[in-house]
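First comes the structure, then the notes that go with it.
The values are calculated or read from the model by the stated rules, or taken from the named source; none is laboratory data. Computed from a predicted structure; not experimentally measured. Quick reminder, even Gly has a Cβ in these numbers, built from the backbone with ideal geometry, and neighbours come from all protein chains shown.
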Amino acid sequence: MRKLRMGMVGGGLGSFMGDVHRKASGLDGMFELVCGTFNRSPVKTKETGKALSIPEERCYGSFQQMILKEKELPEGERMDFVTIVTPNHLHFEPAKTALENGFHVVCDKPMTLTVNEAKIIQKLVKKTGLLFALTHNYTGNPMVKQARAMVQNGELGDIIKVQVQYLQGWMAKELDDQASIKPWRADPKKSGIGGSLADIGTHAENLTEYITGLKIKELAADLGRIGEGRVLDNDGNILFRMENGAKGLMSISQIAVGEENNLAIKVYGSKGSLEWNQEESTKLIAKWIDKPQQTFTPDGNGIYDSVRAVSRIPVGHPEGYLEAFATVYRNFGEHLQAVLNNKTIEKPDYPTIIDGLRGVQFIYAAVKSDKANARWIKYK
């Protein structure tokens, strides 16, 4: 089958996320980057295009121009979908314009700045039937998928408790210097009403719902805005209740000195529990009420066949961030290939528009709760 043609909004030279998306999408040989508007500066966009061997005529001055010009190209040449790798405030308009003009979308999280914007995108996806993927990359990890499969198959029994954390320390250096933070991260007009909440809290929220298969029903949040002149949260603790009655606790921080990328989750059931840590991503620990502790690895005993298919390299070799990111792209790509060939996939396994809306609703509920002295807030 032919490679899927990708257009990119954002991700110019020097961009971390742009580079990640290009590497991850290229890992399985399913995609090719054919066009882009990589920077607000047309000159820098063309410089990026030249470095990536993209013809100058397909390096556009704006996302509007890219989408409209690509739409005019023959079906066998135009891009198939748009990948959006811009700061938060530049997600909504490119996504909306792409969907309105018949292009599928891959977008970084959070999906939009506001719940209203998220609902507009959701309605467009429903109206057009186009695909929308959100890059919650940790769901692509084989051991996360093993955890989800074990929960789905009832191995843990009823889920009764969840503890999840996402702790980083890189922002601690900036506590007394608001101006040293990347400008868009410090500005609510560009980052949205959530700081760390939007950046890493949404990953913790999505991981919780993905593994358990349960939605968070309500939460009570105590957020911190620690440091001179800090406007947006950089720390916080959140209690939450899930739709089946299970209780949860989430801790997030980007000022936890010494932490690097400590995303970890523990899921407790009536028969057993699971523990996964992103920094040791190839291990999943299971503890049982009536048998010895187990450690699962991607190619070990007890791994579901669907999980083995996700793992690309032999057991014992490091496999993590980029590979998990690539799995999100691969699963999206397989779904898109099916759509282009008039086939159906019953349950596509990648974060979708639903996860995007849930993430923005989570941010707004947590901020609302924090402003009301950690009052319980319901959301759906």
- If you check every pair at least six apart or on different chains, which have Cβ atoms under 8 Å apart with a residue in the range 66-83 that is closer than 21 Å to Glu334 by Cβ first and a residue that is basic (Lys, Arg) and part of a helix (DSSP H, G or I) second? Arg78/Lys71
- A careful count of residues in the range 278-333 that are of a type outside the set (A, V, I, L, M) and under 17 Å from Ser25 (Cα atoms) gives 13
- Item | Leading residue by the ranking (farthest from Ala324 (Cα to Cα)) among those in the range 270-301 that are within 23 Å of the chain's Cα centre (by Cα) and hydrophobic (A, V, I, L, M, F, W, C) | Leu274
- Restricting attention to the range 302-322, which residues are within 24 Å of the chain's Cα centre (by Cα), in the same structural domain as Leu284 (by TED's automatic domain parsing) and not in a loop (DSSP other than H, G, I, E, B)? Ser306, Val307, Arg308
- surrounded by fewer than 15 Cβ atoms within 10 Å (Cβ to Cβ) and not assigned by TED's automatic domain parsing to the domain that holds Leu263, is that true of Leu336? no
- Item | The one condition in (1) modelled with pLDDT under 90; (2) assigned to a helix (DSSP H, G or I) that Glu209 fails to fulfil | (1)
- Task: Say whether the condition of being closer than 22 Å to Val82 by Cα, in contact (Cβ under 8 Å) with a residue 12 or more places away in the chain and either part of a strand (DSSP E or B) or over 20 Å from the mean Cα position of the chain (by Cα) (or both) is met by at least one residue in the range 135-156.
- Result: no
- Any idea which of Val82, Val105 is outside the structural domain of Gly195 (by TED's automatic domain parsing), part of a strand (DSSP E or B) and touching a Leu at 6+ places or on another chain (Cβ under 7 Å)? Val105
- Query: What about Met66, is it surrounded by 16 or more Cβ atoms within 10 Å (Cβ to Cβ) and out of contact with any Ser or Thr (no Cβ under 6 Å at 6 or more places or on another chain)?
  - Reply: no
- Starting from residues that are among the basic types (Lys, Arg) and within 18 Å of the chain's Cα centre (by Cα), keep the ones in the range 1-40 and report whichever is farthest from Leu68 (Cα to Cα). Lys23
- Item | Selection from the range 14-33 of residues that are within 18 Å of His136 (Cβ to Cβ) and among the aromatic types (Phe, Trp, Tyr) | Phe16
- Looking only at residues in the range 341-356 that are at pLDDT 95 or above and either surrounded by fewer than 21 Cβ atoms within 10 Å (Cβ to Cβ) or among the basic types (Lys, Arg) (or both), which one is nearest to His104 (Cα to Cα)? Thr352
